[in-house]
Amino acid sequence: NGEKLTLLLEEIADADADGAESNLSTKTGKKSKRRLCVPEITFLDAFLSLQFDGRDGEKNSELKFTAGDALVEWAEAHRYLGCSHSNQINSNRLNSHYQTFRGVSILKTIDADAWANRVARGKERVEDSANSHPNSEENGNDPVSSWTSTEFFYDWTFASPYAGTIHCPSNEHKHNSARNNNRQIWKSLPQSHIPFHLLQDTSQPILLFDDIMLYEDDLHDNGEVSLNVKLRVMPTCWYILQRLFVRVDYVCIKCREVRICCSFEDVPIASGVDGLQKQKTQSTQQNFGKIAKSNTIYRDVTWRE
């Protein structure tokens, strides 16, 4: 399953921005320059699924969280990133303009410059050797390309912009992550409409709780990344927290949190925001109102770096 997923992700990343197959592979027949891999520990069989009954005999809608969908959206973001190391700005200048798309960026470790110098010196020695043996390329053995054949130029921190998968009858004819996440159906609100006071009510019992790990990796001993989703069901509401945490030693720390909540009755909304909500937050819902309406799903997406 891991090999099939890797091939699928490479095919997705190599497509054009509109999802079509890249002109490089269709016209020249060359293999994609973008090589990807999956996290070291990926739980492809783990998922969280919430199904909602349709009205008047309509098909059910579903809100789902899976590692496969998260990695697919991560791979799609690579269509907008360059394929050359020369285009990458040193990650020590993280606050400056470095290449990124929806939070997906190609970072360097703290010792990347030292490794690049070592590779450059090795290439020079190989080129000198190739010049003294000009027949090596004719025999199909290019010693210079052997130094770059194993280069992986991709977001090796697996910082996926994934915020859940939505399946509903109205989007079955589409086949991309925009369909899965239905970003177009969420409406922006001026403030968070998640009733946090319900979650903080200790008088209400927690009927169901689960913590599902989707994937994790130690980034080749350069840090860590983990994507997990938590579910809590109470008598007054249900609540989902998906958390992506990325740490690259001596470089950066990233945290993307997706909060989804639905109350079972109308509840007032606090006029202010507190705690984590003071960060830059995208608050969205499907129906606008002055209160948190019952059976209405609210979503907050918070990105900190």
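Looking only at segment 223-250, which residues are surrounded by fewer than 19 Cβ atoms within 10 Å (Cβ to Cβ) and either closer than 14 Å to Thr109 by Cα or of a type in the set (Gly, Ala, Ser) (or both)?
Matches in segment 223-250: Glu224, Ser226, Arg247, Asp249, Tyr250.
Is there any pair with a first residue in segment 246-260 that is of a type in the set (Asp, Glu) and a second that is assigned to a loop (DSSP other than H, G, I, E, B) whose Cβ atoms are under 8 Å apart and which are 6 or more apart or on different chains, and what are they?
Asp249/Thr109; Asp249/Ile110; Asp249/Asn222
Which ones in segment 173-214 are out of contact with any helix residue (DSSP H, G or I) (no Cβ under 8 Å at 6 or more places or on another chain), within 24 Å of Asn228 (Cα to Cα) and at pLDDT below 80?
Arg183, Trp186
Go through (1) under 21 Å from the mean Cα position of the chain (by Cα); (2) modelled with pLDDT of 50 or more and name the single condition Ile291 misses.
Checking Ile291 against (1) under 21 Å from the mean Cα position of the chain (by Cα); (2) modelled with pLDDT of 50 or more, the one that fails is (1).
Could you say whether any residue in segment 140-147 is modelled with pLDDT of 70 or more and open to solvent by less than 70 Å² (accessible area, probe 1.4 Å)? Before you say what the answer is, go through the steps one by one.
First pass over segment 140-147, keeping only residues modelled with pLDDT of 70 or more: none.
There is no residue in segment 140-147 that is modelled with pLDDT of 70 or more and open to solvent by less than 70 Å² (accessible area, probe 1.4 Å).
The values are calculated or read from the model by the stated rules, or taken from the named source; none is laboratory data. On a predicted model such as this, the values are computed, not experimentally measured, just so you know. Cβ: placed from backbone, ideal geometry, glycine included. Neighbour counts: every protein chain shown. Ligands, DNA and RNA are excluded from the accessible area calculation, which covers all protein heavy atoms including side chains. Shrake-Rupley method; radii C 1.70, N 1.55, O 1.52, S 1.80 Å.
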